[in-house]
Amino acid sequence: MLAVLAVLTAGLLVFHRAVPNSVGHVGSLLEAFLPWLGVVVVALLGLALLRRSALALVALLLPVAAWTYLFGGLFLPGAEPGPRDLVVVQHNVSDENADPAGTARALAGAEPDLIALEELVPSALPVYEKTLAPDYPYHAVRGTVGLWSRHPLTDARRLDIKPQGIAEGWHRGLRTTVHTPHGAIAAYVAHLPSVRVRASGLASSWRDESAGLLGAAIAAEKRDRVVLLGDLNGTVDDRGLAPLTSRMNVAERGFAFSFPAGFPLARIDQVMARSATVGHIRALPATGSDHLPVAARIAWG
């Protein structure tokens, strides 16, 4: 039985795309927590050692190899920083954050070039603007998302990623141009709709539709160099984000689980780039939000 469970675990790791999504988005649900199958492997290893089962131990080589292939590289050290690198921070600050000033100071303390924020509410926005202004004199806000920058911003506009069925007034997309010393970059900030785990499975239709709209906008982007920062309410393994992950590079090093802040289980706050490499991504210390901030270094070719 342990050997069978080991083979099944390996199969889920290797062939997770084959798990159907037609009923309850089960495939996406599995992919949201795919790295945690490593815990299953460790549990099976403990049982195999307890039972002294040579067959189970041999079978466990399959899921160990599969997990290492998929996620082992995330533990490797990142490349050395380069002179053209861009450091970015992404954070869903929470519309219930009781300490926006402290949150802003914590994010600025990481000394990034760009800070992307979601769930900005009118009462907290002036606090973020005032606190970040000394180091980030340029910013653009559209709806509940915003971008703060050390470098000039132009062409800021609202990005329509609202799925059908969501009420008017839902504005969670922003596109602007960042004029860095090494050239202009198209920057996108997005907050995709939330997903819910229910008895019937994963409710992610709105998230998936919004991801499709965002992916289409990025595909139509005329600038070669693009960065996407946002709370995408999905992991990079989740097929629901395929319209984005199929077009953009994701972090090559680091797990940076960001949600929930009290016991992070998944990274749903993402940094992606086109015509660039997203190096090591890491979670920053908790703020007043239910998400952890994430920071990454983007290396442009």
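The values are calculated or read from the model by the stated rules, or taken from the named source; none is laboratory data. The structure presented is a predicted model; accordingly, all values stated were derived computationally and were not measured. Every residue, glycine among them, receives a Cβ derived from its backbone with ideal geometry; neighbour counts consider all protein chains shown. Heads up: the accessible areas ignore ligands, DNA and RNA and are worked out on the full protein's heavy atoms, side chains in. Shrake-Rupley method; radii C 1.70, N 1.55, O 1.52, S 1.80 Å.
Leaving out ligands and nucleic acids, and using a 1.4 Å probe, what accessible area per residue does region 216-289 come to in Å²?
Here the per-residue accessible area is 38 Å².
Considering only Gly27, Trp300, Leu114, whose Cα is most displaced toward the positive end of the charge dipole of the chain, charges sitting on Cβ of Lys, Arg (+1) and Asp, Glu (-1)?
In the chain, that residue is Gly27.
Given only helices, namely DSSP H runs of n ≥ 4 each adding -39500 (n - 2.57), what is the per-residue ellipticity at 222 nm of the chain, to the nearest 500 deg cm²/dmol?
-8500 deg cm²/dmol
Accessible area per residue, 1.4 Å probe, Å², for region 70-109: what's the number?
I get 50 Å² per residue for this part.
Measure off, as a whole percent, the carbon and sulfur share of the 1.4 Å-probe accessible area of region 156-301, all protein chains present.
Of the solvent-accessible surface of region 156-301, carbon and sulfur hold 52 percent.
Considering the options Leu228, Val195, Thr277, tell which one lies farthest towards the positive end of the dipole of region 175-301, charges being +1 on Lys and Arg and -1 on Asp and Glu at the Cβ, about the Cα centre.
Sorting the options by dipole projection puts first Thr277.
Hey, got the dipole for the chain? About the Cα centre, +1 on K and R Cβ, -1 on D and E Cβ, debye to the nearest 20?
About 580 debye.
Determine, for each peptide in 27-34, 186-193, 92-99, the mean count of other beta carbons within 10 angstrom over its residues, then list the peptides with the highest first.
In descending order of packing, they fall as 186-193, 27-34, 92-99.
Taking Kirkwood radius over Cα pairs in Å straight from the coordinates, which label in (i) 21.1; (ii) 20.2; (iii) 19.4 is the correct one?
Matching entry in (i) 21.1; (ii) 20.2; (iii) 19.4: (ii).
Per residue of region 80-87, in order, report the coupling 6.51 cos²θ - 1.76 cosθ + 1.60 (Karplus, θ = phi - 60°) as ³J(HN,Hα) in whole Hz, putting x for Gly and Pro.
With coefficients 6.51, -1.76 and 1.60, one gets 5, x, x, x, 9, 5, 10, 9 Hz.
Which whole-number value in Å² is the accessible area per residue of region 112-174, probe 1.4 Å?
47 Å²
With axes computed from alpha carbons, what is the tilt in degrees of helix 37-51 against the longest principal axis of the chain, rounded to the nearest 10 within 0 to 90?
20 degrees
How much accessible surface does Phe263 have with a 1.4 Å probe, in Å² rounded to 10?
Phe263 exposes around 130 Å² with every protein chain in place.
Would you mind putting 237-249, 53-65 in packing order, based on average other-beta-carbon counts within 10 Å, highest first?
Packing order, densest peptide first, comes out as 237-249, 53-65.
Share of region 12-79's accessible area from carbon and sulfur, percent, 1.4 Å?
Carbon-and-sulfur percentage of accessible area, whole number: 78.
Excluding Asp85 itself, calculate the net charge of residues whose Cβ lies under 15 Å from the Cβ of Asp85, where each Lys or Arg counts +1 and each Asp or Glu counts -1.
Net charge in that neighbourhood comes out at +2.
How much of the pair distance distribution for region 1-89 lies past 22 Å, counting alpha-carbon pairs only, in percent?
The calculated P(r) of region 1-89 puts 42 percent of pairs beyond 22 Å.
What does the charge count around Phe257 come to, taking other residues whose C-beta lies under 15 Å from its C-beta (Lys +1, Arg +1, Asp -1, Glu -1)?
-3
What residues have an amide H closer than 5 Å to that of Asn92, excluding those fewer than 5 places away on the same chain, when H is modeled at 1.01 Å from N in the peptide plane?
Here Glu118 satisfy the definition.
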